[in-house]
1. So which of B:A25, B:A32 is under 23 Å from A:V92 (Cβ atoms) and among the hydrophobic types (A, V, I, L, M, F, W, C)?
2. Go through (1) facing chain B (nearest Cβ under 8 Å); (2) farther than 21 Å from B:S51 by Cβ; (3) among the small types (G, A, S); (4) touching a Phe, Trp or Tyr at 6+ places or on another chain (Cβ under 6 Å) for A:A7 and report which single condition fails.
3. Considering only residues that are of a type outside the set (A, V, I, L, M, F, W, C) and either touching a residue at least 24 places away in the same chain (Cβ under 8 Å) or touching a Gly at 6+ places or on another chain (Cβ under 7 Å) (or both), which ones fall in the stretch A:19-39?
4. Return the residue satisfying two criteria in turn: it lies in the stretch B:10-46 and is within 9 Å of chain A (Cβ to nearest Cβ) and under 19 Å from A:T13 (Cα atoms), and of such residues it is most open to solvent (accessible area, probe 1.4 Å).
5. Within the stretch B:52-107, how many residues are closer than 30 Å to A:E16 by Cα and more than 7 Å from chain A (Cβ to nearest Cβ)?
6. Of everything in the stretch A:80-107, what is assigned to a helix (DSSP H, G or I) and under 25 Å from B:Q74 (Cα atoms)? Give them in sequence order.
Protein chains: 2
Amino acid sequence: MNKPYYAVIFTSTRTEEDQGYSEMAVKMENLAKRQPGYLGFESAREEIGISISYWESLEAIASWKADTDHFFAQQKGIKDWYSWYKVRICLVEREYDFTKLPSEEGA
Amino acid sequence: MNKPYYAVIFTSTRTEEDQGYSEMAVKMENLAKRQPGYLGFESAREEIGISISYWESLEAIASWKADTDHFFAQQKGIKDWYSWYKVRICLVEREYDFTKLPSEEGA
């Protein structure tokens, strides 16, 4: 990812209603991967859930938000699954990473 | 948060070395809160860890990165705690949120 790209940070707290949530989460992740402009996805949940999807452009984000199946999932999320959420659309301006060499493991 | 602001997304996988990690994580979160320009912090870990800190400016992020105690923690993280990490510095361009009204809970 060398060009500027976008991150959509979705932070949420869940209700106690769990029915269908996990299946929908998997379905939406798989559906997102097939969208034009999709770059990646990261997710973790403890007290709060953080899901970040990465996209080539604002247009790609808008298309994904308006996707029919995704729109249905969003409505269901508002009705049943989330007590709170926040969406932030962000331009990734800089990035760097670190990978430990195998020989360094436990060194 | 009405002005544009910044998010630092820190995504990581851990080594099996745990010694001192949790204490340092709490210490760094408390230290970050006292930095000029700090706006907020969110974190969750499952297969991967995602920690996001929010800042008023790139200058605030640079100061926090260079903080002596934080710098020591970063070096310790590279040496012992992380097998991989990625840092993304992002400009938050848009945001919106949703809060369920109490009367809607479970409706």
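The values are calculated or read from the model by the stated rules, or taken from the named source; none is laboratory data. Keep in mind that what you see is a predicted model, and the values were worked out from it rather than measured. No Cβ is skipped: glycine too gets one built from the backbone with ideal geometry, and neighbour counts run over all protein chains shown. Just so you know, the surface numbers come from the protein's heavy atoms only, side chains and all, with ligands and any DNA or RNA stripped out. Shrake-Rupley method; radii C 1.70, N 1.55, O 1.52, S 1.80 Å.
1. Within the list B:A25, B:A32, the selection yields B:A32.
2. (2)
3. Of everything in the stretch A:19-39, those that are of a type outside the set (A, V, I, L, M, F, W, C) and either touching a residue at least 24 places away in the same chain (Cβ under 8 Å) or touching a Gly at 6+ places or on another chain (Cβ under 7 Å) (or both) turn out to be A:Q19, A:G20, A:Y21, A:K27, A:Q35, A:P36, A:G37, A:Y38.
4. B:E46
5. Residues flagged as closer than 30 Å to A:E16 by Cα and more than 7 Å from chain A (Cβ to nearest Cβ) within the stretch B:52-107 amount to 7.
6. Once the filter is applied, which keeps residues that are assigned to a helix (DSSP H, G or I) and under 25 Å from B:Q74 (Cα atoms), the stretch A:80-107 yields A:P102, A:S103, A:E104.
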